[in-house]
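**Student:** Okay, handing you the structure first.
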Amino acid sequence: MNRALIICGILFTVASQLIAQSGAAVGRQTAKNGEKVWLVINKIKFDKKQEFDKILFGEVMPAVAEYRDKDDEKHELNKKSLKTIRILRPTQVNDDSTWTFFFIADPYIEGVTYNIGPPLLQKYGEDGAQAVFNRWSDCFAAGQEVYLNEQSDW
């Protein structure tokens, strides 16, 4: 009986890991071997973490999700990309007293509007978009670090 429970536990653990790695558990697709992955590192000032989080999830991401490109083909790519984007929140402060948020496009899709400017402009108009962008920019301790890498077979 104990042996059967151990085997079931092992099988459950392996199956859970395979599902998690495939992205199927959350309906996300992830890059396959050789596809591009985009990583953006955002260092946020110590006293701006909550403000950045509020702007990001309360203003920027809703604008991105609602954005309608004039070009139907590009619009479809933008919609598809929403299933590939992940945002990681910091769980602890960095040694330099900043917070690091990670944006990941996994996989990176060529032709997608990853720039927040057009969605902000469309949703909030010129003055509103500029106000959101100014508050957003004020949260950064340094410029964004952007990396475009290739998924390995691991």
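Taken together, the values in this text are just the output of simple stated rules run on the coordinates, not laboratory data. Keep in mind that what you see is a predicted model, and the values were worked out from it rather than measured. Glycine also receives a Cβ, built like all others from the backbone with ideal geometry; neighbour counts cover every protein chain displayed.
**Student:** Starting from the amide H of Thr98, placed 1.01 Å from N in the peptide plane, find each other amide H under 5 Å away whose residue is 5 or more places distant or on another chain.
**Tutor:** Those qualifying (amide H under 5 Å, at least 5 residues apart or on another chain) number zero.
**Student:** Could you give each residue of the stretch 147-153 its phi-based ³J(HN,Hα) in whole Hz, using Karplus coefficients 6.51, -1.76, 1.60 with θ = phi - 60°, and x for Gly or Pro?
**Tutor:** Karplus values, whole Hz, x for Gly and Pro: 10, 10, 10, 10, 5, 8, 7.
**Student:** Could you pull out every residue, at least 5 positions away or on a different chain, whose amide H is within less than 5 Å of the one on Val37? Hs are placed 1.01 Å off N in the peptide plane, and Pro or chain starts have none.
**Tutor:** For Val37, the qualifying residues are Tyr108, Asn149, Glu150, Gln151.
**Student:** Still on this structure, I have one more. Ratio of alpha-carbon Rg to the 2.2 N^0.38 Å globular estimate for the stretch 31-150, to two decimals, please.
**Tutor:** 1.09
**Student:** With θ set to phi - 60°, apply the Karplus curve 6.51 cos²θ - 1.76 cosθ + 1.60 along the stretch 36-45 and write out the HN-Hα couplings as whole Hz, x wherever there is a Gly or Pro.
**Tutor:** 7, 10, 10, 10, 10, 9, 10, 8, 10, 4
**Student:** Starting from the stretch 58-127, pick out the GluC sites (Glu not before Pro) whose DSSP state is loop and whose Cβ has at most 10 other Cβ atoms within 10 Å.
**Tutor:** The qualifying sites are Glu110.
**Student:** Between beta-carbons, use under 9 Å as the cut-off and find the net charge around Thr113, counting Lys and Arg +1, Asp and Glu -1.
**Tutor:** Taking every Cβ under 9 Å from that of Thr113, the sum is 0.
**Student:** Net charge near Ala131, counting Lys/Arg +1 and Asp/Glu -1 over other residues with Cβ under 15 Å of its Cβ?
**Tutor:** It works out to a net charge of -2.
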